[in-house]
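The values are calculated or read from the model by the stated rules, or taken from the named source; none is laboratory data. The structure presented is a predicted model; accordingly, all values stated were derived computationally and were not measured. As a convention, Cβ positions derive from the backbone with ideal geometry for all residues, glycine included, and neighbour counts pool all protein chains shown.
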Amino acid sequence: MRVARLAAAACATALAGCGVFGIGSNAPKPAPLTEFTAQVRPSVAWSVSVGKGGGYRFWPTVSSGRVHAAAADGTVTVVNEDNGQLISRFDLKRRLSSGASGDGEHLFAGTIKGEVVAFDASGKEKWQASVGGEVLAPVTVAGKSAIVRTPDGRVFSLALEDGKRRWVYTRATPALLLRSESGVIATPTGVVAGYPGGKLIALDLDDGKLAWEVTVSLPRGSTELERVADVTGLPVIDAGRLCAAAFQGKVACYDIQSGTTLWSRDISSATGLALDERNVYVTDAEDSVHALDREAGISRWKQDKFPRRKLTAPVISGGHVVVGDSLGYLHVLSREDGTLIGRHPVDGTAVNALVPVKGGVVVQTAGGTLSLVRF
């Protein structure tokens, strides 16, 4: 049943997936690249090979000037954020399913067998804990806990010292749900996570109890597939404002103290969003990128020249909006009007994730390229 649910979820991701492209000889093809006038010329500051994804989306993480990356074959690579110099590389001798993460003292990775492994900078194992399900999202460090989320919606708090379970949060999930690599966002007192059914929740860091819950979007439709309304990507928190997006639902922002809805818009997203001092940026299910006014949610602009290219969530870098696609390109958009102002080919394989850092973005692809691209 679980396999069927996840297969159906992969189908749900496509309106974004089944029958959109890559399945069947008559499937519509990704839109061709359009001509544009380059105003930004991206350049690669450094690039290393870290191993292929093997069907999983591996997200790099950046902490304390180090970039952590993992690959399906068990390889973990740590490089210097500034120059890409190799700090360490080792083989955990396990099939991995989540990106690596670290807190300066520990490194973490998740396996396809539902194991969370903590190790030191040399690759020596410190502890291992079982969470009973694939780990797709990188482990999040919050206080003295390693927070782990599984695709069935459970959230685990494991002690950093020895991996012992501190608490686990569970809740009922719909019959169909999106397969997501998104984990949780840590706050000083808790963790925030998006959930199936259009829910956004906050859990107390000490005991895992539900602190608050808001509804981003209500499921609609007569079939289970039509009623998939999962909060996708990671929520974004900034200056007391919390914003999130739901597939087949809405983009909405809330007051983080009261949970009061500030505004919402009917835009479906399966990837997530970004936020700056002026706008909220979101990639919708049709591969258009929107800029919405941060205060009122009104539309600033829409860039719709990338249909069926399976865009990533947008990130902000160098005063520009950047997205990646499934054919291995980065696209740079103007924050002012969404105009395409730059483009960069990576390695011809899908861009898994973009992580904004000072002076550029860290990119990891399905083919195993890890790069820092500057603008």
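Observations on the structure shown:
- Residue satisfying all of: in the range 252-271; over 24 Å from K310 (Cβ atoms) and assigned to a loop (DSSP other than H, G, I, E, B); modelled with the highest pLDDT among these: T260
- Test set (1) surrounded by fewer than 20 Cβ atoms within 10 Å (Cβ to Cβ); (2) within 17 Å of Q39 (Cα to Cα); (3) hydroxyl-bearing (S, T, Y); (4) touching a Lys or Arg at 6+ places or on another chain (Cβ under 9 Å) - S317 fails condition number: (1)
- Among the candidates V168, V135, V141, V116, the residue that is closer than 15 Å to S101 by Cα, of a type in the set (V, I, T) and at pLDDT 95 or above is uniquely V116.
- Among the candidates V361, V355, the residue that is surrounded by fewer than 23 Cβ atoms within 10 Å (Cβ to Cβ) and aliphatic (A, V, I, L, M) is uniquely V355.
- L311 in contact with a Cys (Cβ under 6 Å, 6 or more places away or on another chain) and either of a type in the set (F, W, Y) or on the phi < 0 side of the Ramachandran plot (or both): no
- Tally of residues being touching a Leu at 6+ places or on another chain (Cβ under 7 Å) and closer than 23 Å to R241 by Cα across the range 299-311: 2
- Of the residues examined, D276 is one that is surrounded by fewer than 17 Cβ atoms within 10 Å (Cβ to Cβ), touching a residue at least 24 places away in the same chain (Cβ under 8 Å) and of a type in the set (D, E).
- Residue match in the range 272-288 (condition: touching a helix residue (DSSP H, G or I) at 6+ places or on another chain (Cβ under 7 Å) and modelled with pLDDT under 95): no
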